[in-house]
Amino acid sequence: MKKLAHELLEKCAGLPLAIIVLGGLLAVDDWKMIHEKINLHFSDKSDVSKVLALSYEDLPGHLKLCFLFLVEDVAEQYLTELVNRGMVQVQFKLSGKIKSCHLHDLMRELSVSKALQESFLSILNIQQDDKTENSSASMAINAGSSCKIRRLSLNRNVIPSLKARERTLVHLRTLMSFGSVAWELKQFQPIFNHCKFLRVLKLENLNVERSLPKSMGDLVHLRFLSLARSRFNGLPQSMGNLVCMEFLDLAVTRWEPYITVSIPNVLWKMRRLRYLHLPHKFAIKEKILWDRKKLRLGTLKNLRTLKNFDLKKCDVNDIDKFTNLQKLTVLDKYGCVKLEMFPQLVEFNLKHLRFLSLYMQYHLWTEGELSKMSNYPHSCKLCIFGRIEKLPEHKSLPRQLRKLVLVFSRLKEDPMPILEKLPHLVFLMLGYDAFKGKEMVCSAGGFPQLKHLLFYRLINLEEWRAAEGAVPHLSRLGISLCFKLTKVPSHVSTYDGLDESFKELRKCGL
């Protein structure tokens, strides 16, 4: 067995990725059988790409498709199996669940080559002078009307070239664009006019600054539509035709979170929706009573994820109808509803809800107001914006609180003695004068689960002390713009947390 292991390792030529992938193969198959397959097909031990290719050839059919077409809502067990085989790399959420997935450069090359080889995907990669970089993709695109392209990946600014290939693209089912180039309306109009059979459309970074065209509603077969990180100010009434929709991402660019998007009150017709990400700020478009009605969502009983549920624009009672909901993000930008919704959420039949995130802005939070969260039993995250008169005792905060962001709180008393008693808290950020004092102290045993701590613009803070046995799992302390802070525990490693602080603030709409 030792000799066999040595021979198998030689095939990896010292490449860590090849070793990981080989380990994934050995975990699910017989060692001798793997050795025979390598010797039978790959005589040249220096060709590492062939070792990686064997990991693909060994996949069952359903996982081959999964590897070639990685999408966010792919079945979790399939993705987990690819991870276990070392073919896909992942990042994890605070809960331990998979947050995102990506491919190593070599694995991506393998995926692309297999996709082209099996006519699974065509790739168009055009430079500014409109010359094709990828010869195999060029052949596929220019093959004429007899070539039925069904999945197309666009890299960089290539949409203008699609107009000349309308006959070729009439059978297109999947279109995904990548890169940071912002698409203009005239560039993607041919998609709505000629790709009537599209099921998946990932058309991000749009730069329209007006309503999207009525012809968008002609794509009646769409299941997946992502317009993330885009700039547009309205959706057409014809969106109500897209009744097959399962995934809809309408999040405008994070750099301009206050763009107001007008939404026709037709999303309720998309009864198959499983994922819905609303714009951070939107107005409801009605023929009468413009923006005075609530957005109708109560029919969407298949929703698993709902982001940016606006308490002023949406009806909180609709949440009770989302019986399959697993993740909910709620916005209260006006302070009009505040925390009155918590008693309602406790009563709702949300047996599948795993995470609740709340981003709340208000000019002054009282101890009694914050105590209304005490009976909420599920795992949750909170971002609280505004002055806090006094923190309530830890028993008056949600018992399953895992993430807490406090911004502009202006607390006079050290918040650590209260927050350190939260048994499930994993992430804590204090930003923009969340604490006005000079010193914070954690006692022994405090923060038993905390892994990540961020300090941002605490301009008076000079020292953070932690007794022996405090924060036993803290792995990251991010500090930015805390100019007076000179003393932190010696055993805690620090880093510049500016980028991460900005990321969290953008989530709060700042």
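The values are calculated or read from the model by the stated rules, or taken from the named source; none is laboratory data. All values reported here derive from a predicted model rather than from experimental measurement. As a convention, Cβ positions derive from the backbone with ideal geometry for all residues, glycine included, and neighbour counts pool all protein chains shown.
For the stretch 375-396, which positions are part of a loop (DSSP other than H, G, I, E, B) and over 20 Å from Phe447 (Cβ atoms)?
Result: Asn375, Tyr376, Pro377, His378, Glu389, Lys390.
Scan the stretch 369-381 for residues that are of a type outside the set (Ser, Thr, Tyr) and either surrounded by fewer than 20 Cβ atoms within 10 Å (Cβ to Cβ) or touching a Gly at 6+ places or on another chain (Cβ under 6 Å) (or both) and jot them down.
Correct list: Glu369, Lys372, Asn375, Pro377, His378.
Just to be sure, is Ile149 over 29 Å from Ile259 (Cβ atoms), surrounded by 21 or more Cβ atoms within 10 Å (Cβ to Cβ) and at pLDDT 60 or above?
Yes, satisfied.
Report the residue count in the stretch 392-408 for those that are of a type in the set (Asp, Glu) and under 17 Å from Gln449 (Cβ atoms).
Number of matching residues: 0.
Yes or no: Glu246 at pLDDT 90 or above, touching a strand residue (DSSP E or B) at 6+ places or on another chain (Cβ under 8 Å), of a type in the set (Asp, Glu) and farther than 17 Å from Asp318 by Cβ?
Yes; evaluated as a whole, the condition is true for this residue.
Specify which of the listed residues (Asp414, Asp433) is under 23 Å from Leu331 (Cβ atoms), among the charged types (D, E, K, R) and in a loop (DSSP other than H, G, I, E, B).
None of the others qualify; the one that does is Asp433.
Sort out which residues of the stretch 207-220 are more than 22 Å from Lys301 (Cβ to Cβ) and out of contact with any Asp or Glu (no Cβ under 8 Å at 6 or more places or on another chain), and write them in order of number.
Glu209, Arg210, Ser211, Leu212, Pro213, Lys214, Ser215, Met216, Gly217, Asp218, Leu219
Given (1) hydrophobic (A, V, I, L, M, F, W, C); (2) under 16 Å from Ser493 (Cβ atoms); (3) buried (at least 21 other Cβ atoms within 10 Å of the Cβ), where does Leu474 come up short, assuming only one miss?
The failed condition is (3).
So in the stretch 397-411, with the set limited to residues that are more than 23 Å from the chain's Cα centre (by Cα) and in a loop (DSSP other than H, G, I, E, B), which one is farthest from Leu358 (Cα to Cα)?
Restricting to residues being more than 23 Å from the chain's Cα centre (by Cα) and in a loop (DSSP other than H, G, I, E, B), the top hit is Arg410.
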